[in-house]
1. Show the residue pairs meeting these rules: Cβ distance below 8 Å; 6+ apart or different chains; first residue within the range A:496-508 and modelled with pLDDT of 85 or more and part of a helix (DSSP H, G or I); second residue surrounded by 11 or more Cβ atoms within 10 Å (Cβ to Cβ) and hydroxyl-bearing (Ser, Thr, Tyr).
2. Quick one: in the range A:174-207, which of the residues that are within 17 Å of the chain's Cα centre (by Cα) and of a type outside the set (Gly, Ala, Ser) is nearest to A:GLU413 (Cα to Cα)?
3. Could you please find all residues in the range A:244-294 being over 27 Å from A:ALA325 (Cα atoms), more than 14 Å from chain B (Cβ to nearest Cβ) and surrounded by fewer than 23 Cβ atoms within 10 Å (Cβ to Cβ)?
4. So which of A:PRO400, A:PRO372, A:PRO376 ends up being surrounded by fewer than 21 Cβ atoms within 10 Å (Cβ to Cβ), of a type outside the set (Lys, Arg) and in contact with a Gly (Cβ under 9 Å, 6 or more places away or on another chain)?
5. Name the residue that is nearest to B:GLN192 (Cα to Cα), counting only residues in the range A:44-82 that are surrounded by fewer than 19 Cβ atoms within 10 Å (Cβ to Cβ) and away from every other protein chain (no Cβ under 13 Å).
6. For the range A:22-43, which residues satisfy the criterion of being within 20 Å of B:ASN67 (Cβ to Cβ) and either facing chain B (nearest Cβ under 9 Å) or among the small types (Gly, Ala, Ser) (or both)?
7. From the residues in the range A:159-186 that are in a loop (DSSP other than H, G, I, E, B) and buried (at least 20 other Cβ atoms within 10 Å of the Cβ), which one is nearest to the other protein chains (Cβ to nearest Cβ)?
8. Residues that are over 29 Å from A:THR405 (Cα atoms): list the strands (runs of 3 or more DSSP E) wholly contained in the range A:242-357 that include at least 3 such residues.
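The values are calculated or read from the model by the stated rules, or taken from the named source; none is laboratory data. Since the structure is predicted, the reported quantities are computational estimates derived from the model, not experimental observations. With ideal geometry, Cβ positions are generated from the backbone for all residues, glycine too; neighbour counts draw on all protein chains shown.
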Amino acid sequence: MTTRPSLALLLLSGLAMPLSAKVTFNEHIAPLIHENCTGCHRPGQTGPFKLITYRDVKKRALTINDVILDRYMPPWKPVNGNLHYANDRRLSEEEIDLFGEWVKAGTPEGDSKKAPKLPEYPSGWYLGKPDLVIKMKGKFEVPADGKDIYRSFVFPLQLPEDKWVKAVELRPKAKSAVHHALFFIDSNGAARKMDGRDGKAGISGMGFLRQAGGVTDPAAAFGGGNGGLGGHVPGATPAKLPGDLAMFLPKGSDVVMQTHFHPSGKKEVEEAELALYFAEKAPEVNLVPIQIPPFFGATKAINIPAGEQNYVVEDSITLPVPVKAVSVGGHAHYICRTMSMTATLPDGKKITLMDIDDWDLDWQDRYQFKEPLDLPAGTVLKTRLVYDNSASNPENPNSPPRRITWGQESDDEMGSVTLIVVPEDNSKIQTIADAQRNQLISSAAQAIQQASKTFLNVKNYDDNNDGLVQYEEVPGRMRSRIFSRFDTNKNKILEKEEQVAVQKYLDSFLGGFRRR
Amino acid sequence: MRLLTGISLSCFLCLTAWGEPGRNRGPSSLNHLKLVDVTGTVHEPVKSAKTIAAVFVYVDTTCPIANFYQPTLRRLAQAFEPRGIRFFQLHPDPDGTKEDLTTHAREFEVISPVILDNKQHYARLHNAKVTPEAHVYLRDGTCVYRGRIDDTYTTYGKRRPSPTTHDLRDALSAIISGSKVTDPVTKAIGCQILIEK
């Protein structure tokens, strides 16, 4: 009686799990790991431990199983499956299952005859011999612990002629601490002057862009020219731009690297090298960044009350000319939760260009479309960002939560998605720029109205409605400025008379605008 | 060999206590415990009458989460060693070498004894799951805390700007003040320890 069902069960389980008996490191797991993990998880790279040999992978098997199930690794944030990205690092469900089966089977090594050859990597620069290697100015010591550090470093360059850049490749020294870096172009030497002002190499905080005169549009580290030269993200492979595309590097400019460090537990010294690969000639058509909302959301007057869980920022622009979209990527700080960009074509068809449902400041990548996407004139590009400034968001930089407004420091917020496009020819670039400017003007007018209702009106600071404005109630970046000037009795509270003076000051920001 | 047997026996005796802090009391479990660190120094935590508890922290040389906590562990050791709490860092790494651990301890400025547990002997006994994970025992072998150091990490790759709980520190403070540890078991986030057969 009892044997029959169990026999059937045995047979069934045998049918359901033929894999686990056969999955071995040498035959199945090594190729998977070498293809997807070893690029970063090998000596000299940014992955924290190496994943090359059987012993390496066995030791980390349970952790790997967890992080791939969680899709924390390999790092890849977009969740939309409608498009193919050239640099996609997602594992398939089958690959994740295969690894799980191997763990279940007790991580067998398998037949040594079937062991794959260890992958070979170029020992020098990934992209081969660079045209130019530059070293950052000075050395910066990253402490063993403490808060994350944002700092910009100057790579003195000042070439005598304009150049077009196909690719850059970074070699950080503080490998466990460098989380990511963005490369900007400073065409007027502002960064050189700011460098080292606090007695250490580099420029503190995220504020460099605000002050560097050359960078008219901090929008894109990716468009070249006044935009920048791309970024360095762990897990991303350096690649040259396709076809004849290249990023503009004007003569006489320096490269500035905005770096995000995670202290790693030990002291490290940063002294990075940057390799540049030049194009032989200017591209036929330039890359154009379209950032929505512009200026990282400055025009949206981001102003998120403490406790607000679902603060939405939306903005859109209509393409005046047809373009080919090359890549997409976003930027925001800690409390942004979701980020998306959609394109609604004139015929009503809607394409999700990027959909991130769990934004993470740590993994700011650019997602390149496998095939450039044709977007006709009249296409509406729309960005949507959602922020959570509640205590239940573990990434909230403030405990308890505080009002967070737009700003460039890490505990301020920003937010935008940038689509890199190529127009039919360079004559169309101005048309796109005009559309962006018009959009910016209307958006800015709205923002001013919004701001005058919110943070440019001192009454709105009074979160607890007690008629007084406490120090904590003033948005962070305005706090010290306002209190040093207007808190005449120095009690860290703005009383009625003091509020009147503050309001006059805030009005002066807007000239006549506020009265409208 | 005799040393090893001593350790096994004493740990076997307190085995019932593992994993269930505060429930069982092993008979003088720390009494015969002798730990040999990577420099060859033998540590007998209860030899000093001042010792009131021992903290065994499971760590790893390349686990980024374990490494992230090294400065915190150093500060905790500095604060609590003078008050009779002994800190030990254990590496349950079958491929670990004394040389690697020594280099790591120097780079991360580890001030506690570092023990290579490459046979995963202690990891098995303590039922250690993750690096970093702290296991706290009183002199009499009562396990009073096991789990995370604090709540900086909420999951892999998600780190709070600063912790909102200080679980290990609070547990040690409770021991010193003679009060009950309020949260004797917490879930540590980190690199999972694979116990080899």
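1. A:GLU498/A:THR488
2. Ranking the candidates gives A:MET206 first.
3. A:LYS251, A:GLY252, A:GLU271, A:ALA272, A:GLU273
4. Of A:PRO400, A:PRO372, A:PRO376, the one residue that is surrounded by fewer than 21 Cβ atoms within 10 Å (Cβ to Cβ), of a type outside the set (Lys, Arg) and in contact with a Gly (Cβ under 9 Å, 6 or more places away or on another chain) is A:PRO400.
5. A:GLY44
6. none
7. The qualifying residue nearest to the other protein chains (Cβ to nearest Cβ) is A:SER176.
8. Where strands (runs of 3 or more DSSP E) fall fully within the range A:242-357 and carry at least 3 residues being over 29 Å from A:THR405 (Cα atoms), they are A:247-249, A:268-270, A:273-278, A:323-332.
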